[in-house]
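The values are calculated or read from the model by the stated rules, or taken from the named source; none is laboratory data. This is a predicted model, so every value here is computed, not measured. Positions of Cβ are generated from backbone atoms using ideal geometry, with glycine treated the same way; all protein chains shown enter the neighbour counts. The protein model used for the area step is the full one, side chains on, heavy atoms only, and it has no ligands, DNA or RNA in it. Shrake-Rupley method; radii C 1.70, N 1.55, O 1.52, S 1.80 Å.
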Amino acid sequence: MKRTVVPFGPQHPVLPEPLVLDLILEDEKVLDAIPTIGYIHRGLEMMVERVEYTEMGFVVERICGICSFMHGMGYCVSLETIMNIEIPERAAWLRLIWAEISRIQSHLLWLGLGADAFGFENLFMHCWRMREQILDIFEKTTGGRIIHSVNRIGGVKRDMSDTELAAILVQLQDLGKQFKKTANVFGTDPSIAHRLGGVGVLSMEDARAVDCVGPMARASGIATDTRLIGANYYDRIELEPVVETAGDCLARVVVRMREIDQSIDIIRQAIDKMPKGEGMPLETKPRGNPMGEVFTRLEQPRGEVLYYVKANGTKNLERFRARTPTFANIPAMIKLVKGCELADVPNIILTIDPCISCTER
Amino acid sequence: MDSASFLARVGDYHKAGWRLALINVTTVIAAPAPPHGAAAEPAAPATDAPTADAAPASQAASVFEIAWAFAKDREFETIREQITVGDAVPSISEFFGAAFLYENEIRELFGINVTGIGLDLQGQLYKTVTKVPFSHQAIKARLAATAAAAAAASAASAAAAEKKA
Amino acid sequence: MSFFSRSPWILHYDGSSCNGCDIEVLACLTPLYDVERFGVLNTGNPKHADILLVTGSVNEKNIEIIENLYRQMPDPKVVVAVGACACSGGIFARAYNIQGGIDKVVPVDVYVPGCAARPESIIDGVVQGIAALEQKRKKTA
Ligand code: SF4
């Protein structure tokens, strides 16, 4: 049979970001997919040569506008480890809370985009309407909707008052209730089940073979979650990884929906456990220049992120490397796209929750 | 580096169920001489200074440090190797299918010759303006340019201050 | 034909942005800001578009894509650069793969500042883009 090559991207209606797959088709079946990335490659890692380590955090935050907070946090945690800085307790809790709020934000964002990709514009609007409430919380507490810049090496820049925290919790729980309705649509609508169920199945063995991370791995039954390593105060939180076993597109949607509830619960626990009071210390000032190297792992909304930082005792770091979750999930995506129908390609690509600007830096 | 024993070690990680977390390369550049007035260490005795300085600097000038990082639940381990420019590195795609992205990236950004990549993208992954942006020459050129720009800026501000005065 | 000019169709292309401005552009479409009530529509097809909205700066690879998209749009057309990156390269201006703002490739009519640009300012930018579009239309008519 004749083979056709269909270029997918870089500008495609379902993709907010440029990614190119050359799809080699036989009839409607995809035989092979060859990725080309690099449309967003900025060369961000080399910026360490030009900006000092104290300022590099602001660049790192702009790896990606969706997990901006987590990138800033990862960078600061890495340098704190190198420089042996113990951050104040309240600052660590605040980071954890913000991190979980970003997770809810990111999952809502993705659920909306996913719904848009399979033709439910209404759901897209609902998810993004709820997401705006999260952005309001961010704006109130950090000053920014997307780029927050509250992380500093040694702590955080702003405090949230206890009353504010309580109000945020109420607001989030309320959001959780609203979200139940939307989640119900995702879970019970027959056309969604038809569109996503059984499509793009990644078995547990395959998931292990392609080393995927985050919700992608958890939807295939692997109970992996970097939060379980317990760093950054996650050891003080009760947390069970959200696991689904079906491994199809629908399972990946369900994992993310359940994680929204989980994050709200984590925030509740954190607000419960953190030390209360006004005017607590939020920052330990770093002294001197960093020297040494470290690998830092964090669980971002899309999965495990890994930072490698090497410092040589000068103001400029020697090497900064971020391996973002999408980078680890692209092999899985290529595996899934092979052998599927052309019409399912957008759904499969979207359910890995690709963040291309993370991948290419 | 010894390819056979390296691949055997990688194979052991694979068998034990580890996950490939990262392949990272660091271009080792000898630290530039500290600007005068800011020398951190007391000056070494004059007699052995030239040899002690020159040897590691020239050696380090052509070295890449590669780390293969593996993760399994809470554990995290790395295999590290140092290679000199021009050395070939074997691909680990046969054990970890996901390695191809890292390896293509290394070849494009660092110019390291990785042999036997599972899915060879022929240098089309990033297509950067500066070819091989993390090679020793490229980094040194950028560092020199930054230093020159800083010097020019400080000279200009000094001149401006003089004018004012 | 003023009713026509009030309802521009937008083509959004993400240059090498960090996603920040990108999702703010999308946020403009959603219920809180909802530009669609003004008749502004986001389209995926350059041949239907009046306004090219670019977020992020220009790098080696997307330079031809932006040029190509711009060429495919029918005249009169307007380009709106959203965010510090699209205006000048922003925080990444000194990174090796960034060539600068999108005015390096296509003529820009409206610059929207901010990192990330807020939805309000993006909408404002689009409204100014409409005015520019109207002027161009008059010129060609
Ligand atoms: S201007 Fe800022 S938020 Fe917008 S794309 Fe650039 S770095 Fe991201």
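Across segment A:61-70, rounded Karplus estimates of 3J(HN,Hα) from the backbone phi angles (6.51 cos²θ - 1.76 cosθ + 1.60, θ = phi - 60°) give 4, 9, 4, 8, x, 8, 10, 3, 4, 5 Hz, Gly and Pro being marked x. Think of the protein assembly as shown as a dipole: +1 on every Lys or Arg Cβ, -1 on every Asp or Glu Cβ, centred on the Cα centre; then among A:Gly176, A:Ile334, C:Gly56, C:Gly56 lies furthest on the positive end.
Contact-buried residues of segment A:114-150, at a threshold of 50 Å² lost accessible area versus the chain by itself: A:Met125, A:Trp128, A:Glu132, A:Arg145, A:Ile146 (1.4 Å probe; DNA, RNA and ligands ignored). Provide the net charge surrounding A:Lys315, with neighbours chosen by a C-beta distance below 15 Å and charges set as Lys +1, Arg +1, Asp -1, Glu -1. Once all neighbours under 15 Å are counted, the net charge is 0. If you take the Cα centroid of segment A:181-230 and the Cα centroid of segment C:11-76, the two points sit 31 Å apart. Could you give the length gained by full extension between A:Gln269 and A:Gln178, i.e. 0.36 nm per residue of separation minus their alpha carbon distance, to one decimal place? Result: 30.7 nm gained on full extension. The simple Förster model, with R0 at 60 Å and r as the Cβ-Cβ distance, assigns A:Glu86 and B:Ala144 a FRET efficiency of 0.95.
A Förster radius of 25 Å combined with the Cβ-Cβ distance from B:Asn113 to A:Val201 puts the calculated FRET efficiency at roughly 0.10.
How high is the relative contact order of chain A, given as a whole-number percent (alpha carbon pairs under 8 Å, six or more residues apart)? Before the final figure, lay out the partial values.
Values: 652 pairs, mean separation 90.7, N = 361.
Over chain A, the number comes to 25 percent.
Count Lys and Arg as plus one, Asp and Glu as minus one, and take only other residues whose Cβ is under 9 Å from that of A:Ile147; the net charge is then +1.
Would you work out the relative contact order for segment A:245-361, in percent, from Cα pairs under 8 angstrom that are 6 or more residues apart? Before the final figure, lay out each step's value.
Details: 104 pairs, mean separation 22.3, N = 117.
Value for segment A:245-361: 19 percent.
Remark: the Cα gyration tensor places segment C:29-70 in the oblate category, a/c being 1.5 or greater and a/b not exceeding b/c. In this Cβ point-charge picture (+1 for Lys and Arg, -1 for Asp and Glu), chain A has a dipole of about 540 debye about its Cα centre.
What is the sum of charges around C:Thr140, taking Lys and Arg as +1, Asp and Glu as -1, for the other residues whose C-beta is under 14 Å from the C-beta of C:Thr140? Numbers along the way, then the final one.
Values: positive: C:Lys77, C:Lys136, C:Arg137, C:Lys138, C:Lys139; negative: C:Asp50, C:Asp75, C:Glu134.
Cβ neighbours under 14 Å give a net charge of +2.
By the Kirkwood approach, averaging reciprocal distances over each pair of separate Cα atoms, the protein assembly as shown gets a hydrodynamic radius of 26.1 Å. Contact residues in segment A:209-225 by the 30 Å² criterion (accessible area, 1.4 Å probe, full protein complex versus chain alone): A:Asp211.
Surface analysis of segment C:3-135 yields an accessible area of 36 Å² per residue, using protein heavy atoms and a 1.4 Å probe. Computed over the alpha carbons of chain C, Rg followed by Dmax gives 14.1, 46 Å. For the pair A:Ala193 and A:Lys157 in one chain, pulling the backbone fully straight at 0.36 nm per residue adds 8.5 nm over the alpha carbon distance.
With runs of 4+ DSSP H residues as the only contributors, calculate the mean residue ellipticity of chain A at 222 nm using -39,500 (n - 2.57) per run, divided by the residue total and rounded to the nearest 500. Walk me through the intermediate numbers first.
Numbers: 12 runs with 172 residues, N = 361.
Taking each H run of at least 4 residues, the total per residue is -15500 deg cm²/dmol.
Taking the protein assembly as shown as a whole, the Cys residues whose C-beta sits 4.7 Å or farther from every other Cys C-beta are A:Cys67, A:Cys76, A:Cys127, A:Cys212, A:Cys249, A:Cys340, C:Cys18, C:Cys21, C:Cys28, C:Cys85, C:Cys87, C:Cys115.
Could you tell me which residue out of A:Asn312, A:Gly65, C:Val105 lies farthest along the dipole of the protein assembly as shown toward its positive end? Charges go on the beta carbon: Lys and Arg +1, Asp and Glu -1, centred on the Cα centre. The residue sitting most towards the positive pole is C:Val105. Put simply, chains B and A cover up around 3200 Å² of each other's accessible surface, both sides summed, when a 1.4 Å probe is used.
Applying the Karplus relation 6.51 cos²θ - 1.76 cosθ + 1.60 with θ = phi - 60° to segment A:228-235 yields 3J(HN,Hα) values of 5, 5, x, 6, 6, 6, 5, 5 Hz, where x marks Gly and Pro.
Expressed as a whole percent, the accessible area of the protein assembly as shown that falls on carbon and sulfur atoms is 55 (1.4 Å probe).
The Rg/Rh ratio for segment A:1-103 is 1.19, where Rg is the radius of gyration of the alpha carbons and Rh is the Kirkwood radius. Placing pseudo-labels 7 Å out from each Cα toward the beta carbon at B:Val85 and C:Arg71 gives an inter-label distance of 3.8 nm.
Computed from protein heavy atoms with a 1.4 Å probe, the total accessible area buried between A and C is close to 3300 Å².
Taking the inverse of the average 1/r across all pairs of different Cα atoms in segment A:185-254, what Kirkwood radius in Å do you get? Let's see the in-between values first.
Working: mean 1/r = 0.0770 Å⁻¹.
When all Cα pairs of segment A:185-254 are included, the Kirkwood radius is 13.0 Å.
Shape class for segment A:3-359: oblate, because the ratio a/c of the largest to smallest gyration tensor axis (alpha-carbon atoms, square roots of eigenvalues) is 1.5 or more and b/c is at least a/b.
Rounded to the nearest whole Å², what accessible area per residue is found for segment A:80-214 with the 1.4 Å probe? Display every interim value, and only then the final one.
Working: 4880 Å² over 135 residues.
Per-residue accessible area for segment A:80-214 comes out at 36 Å².
Computed 3J(HN,Hα) for segment A:146-159, one whole-Hz value per residue from the Karplus formula 6.51 cos²θ - 1.76 cosθ + 1.60 where θ = phi - 60°, is 10, 9, 9, 6, 9, 7, 10, 5, x, x, 10, 8, 10, 10, glycine and proline marked x.
Each DSSP beta bridge with both residues in segment C:12-114 is either parallel or antiparallel, and the antiparallel ones are about 20%. The H on the amide N of C:Ser17, modeled in the peptide plane, is under 5 Å from the matching H of C:Ser57, each at least 5 residues off or on a different chain.
For segment C:3-135, what's the relative contact order in percent, using C-alpha pairs closer than 8 Å and at least 6 residues apart? Display every interim value, and only then the final one.
Values: 286 pairs, mean separation 37.2, N = 133.
For segment C:3-135, the relative contact order is 28 percent.
Start at zero, step by 10 Å, and the Cα-Cα distances of segment A:233-328 spread as 12, 27, 31, 23, 7, 0 percent across the bins. Rounded to the nearest 20 debye, the dipole magnitude of segment A:181-232 is 200 debye, with +1 charges on Lys and Arg beta carbons, -1 on Asp and Glu beta carbons, and the Cα centre as origin.
How big is the charge dipole of chain C about its Cα centre, in debye rounded to the nearest 20, if each Lys and Arg gets +1 on its Cβ and each Asp and Glu gets -1 on its Cβ?
Details: 13 positive and 15 negative charges, 77 e Å.
Computed about the Cα centre, the dipole is about 380 debye.
Using +1 at the C-beta of Lys and Arg and -1 at the C-beta of Asp and Glu, which of A:Ala231, A:Pro275, A:Cys127 has the Cα lying farthest in the positive direction of the dipole of chain A? The residue sitting most towards the positive pole is A:Pro275. Under a 5 Å amide H cut-off, with hydrogens placed 1.01 Å from N, C:Ala116 pairs with A:Ile146, A:Ile147 among residues at least 5 apart or on other chains.
When the GluC sites (Glu not before Pro) in segment C:11-97 are filtered for DSSP coil states and for at most 11 other beta-carbon atoms within 10 Å of their beta-carbon, no site remains.
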